[in-house]
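Comments concern the structure below.
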Amino acid sequence: MEVKWRFQPSCSLAAAGDLNVRAVVKRLIENVDKNSGKPMINLGHGDPSGFSCFRTAETAEGALVSAVRSAKYNGYPVRGGTPSARSAIAEYLSKDLPYKLSPDDVYVTSGCNQAIEILLSVLALPGANILLPRACFPFYETRAAFSKLEVRHFNLVAERGWEVDLDNVEALADENTVAMVVINPGNPCGNVSTYQHLNKVVPYAILYH
Ligand SMILES: Cc1ncc(COP(=O)(O)O)c(C=O)c1O
């Protein structure tokens with residue numbers, strides 16, 4: 001009897017994660033003529049640690065080393081970050097705000113992708129939809145498909161520095177809209193929204209949160 005694995009790839013998840021910048025850059029690099037003698041600069045390299053001018057600050061490196069050497073943090077951490085880390089982050093972020101954040105407003109994750117996983121899992125109530133920018137960081141789409149959360153795409157206007165098309169947002173949203181994703185600085189478009197534009201977006205983001 002032939003023994004087969006009883007699982008197979010999910011077509012919808014594969015399609016949702018298929019088109020991303022890394023895949024396109026990889027395809028481009030594979031097609032470069034390595035014998036042309038021309039040097040190539042990879043403009044798709046998004047990780048700053050490859051460049052010596054983006055060295056992590058010595059204070060951050062030192063704090064990490066002493067935390068490890070203290071042997072106080074080698075066990076299971078508290079979910080959402082240690083109380084001291086959450087207090088420090090809340091205090092730091094409050095510097096530019098007209099109100100004060102509390103440690104309970106802070107939830108520490110292992111990178112942005114884990115934050116996306118947690119948020120989209122929590123938001124994926126039956127029948128709910130989420131508004132994503134077009135173009136968007138692809139993991140949002142993949143994770144939404146995984147949780148069966150309906151995705152609706154609002155346009156970014158290239159001619160206006162990839163601003164959010166707010167009329168489009170209004171046309172797409174309904175009573176089942178649970179969130180609107182705003183990525184700033186934008187990935188993959190690389191734009192940084194102006195303060196004035198973000199001020200216009202915020203009321204929508206609050207409405208659909
Ligand atoms: C908008 C956006 N979301 C999520 C991520 C993934 O972040 P991380 O590598 O911290 O999980 C990135 C990384 O570039 C990003 O730009």
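Available extension along the chain between residue 199 and residue 76 is 40.3 nm, counting 0.36 nm per residue and deducting the alpha carbon span. In summary, the aspartates and glutamates within cross-link reach of residue 100, defined as a Cα separation below 14 angstrom excluding same-chain residues under 8 places away, comprise 91. Remark: the chain is approximated by an ellipsoid whose semi-axes, taken from the C-alpha gyration tensor as √(5λ), come to 30, 28, 24 Å, largest first. Note on residue 34: lysines with a C-alpha under 29 Å away, same-chain residues under 8 apart excluded, are 26. By DSSP, the beta bridges lying fully in region 112-209 are antiparallel in about 20 percent of cases. Relative protection proxy for 70-77, 88-95, from highest mean packing down: 88-95, 70-77 (other beta-carbon atoms within 10 angstrom). The residues of the chain expose on average 77 square angstrom of accessible surface per residue, using a 1.4 Å probe on protein heavy atoms.
The values are calculated or read from the model by the stated rules, or taken from the named source; none is laboratory data. Since this is a predicted model, take the numbers as computed values, not measurements. Neighbour counts are summed over all protein chains in view; Cβ atoms, including those assigned to glycine, are modelled from backbone coordinates with ideal geometry. These accessible areas exclude ligands, DNA and RNA; they are computed on the full protein's heavy atoms, side chains included. Shrake-Rupley method; radii C 1.70, N 1.55, O 1.52, S 1.80 Å.
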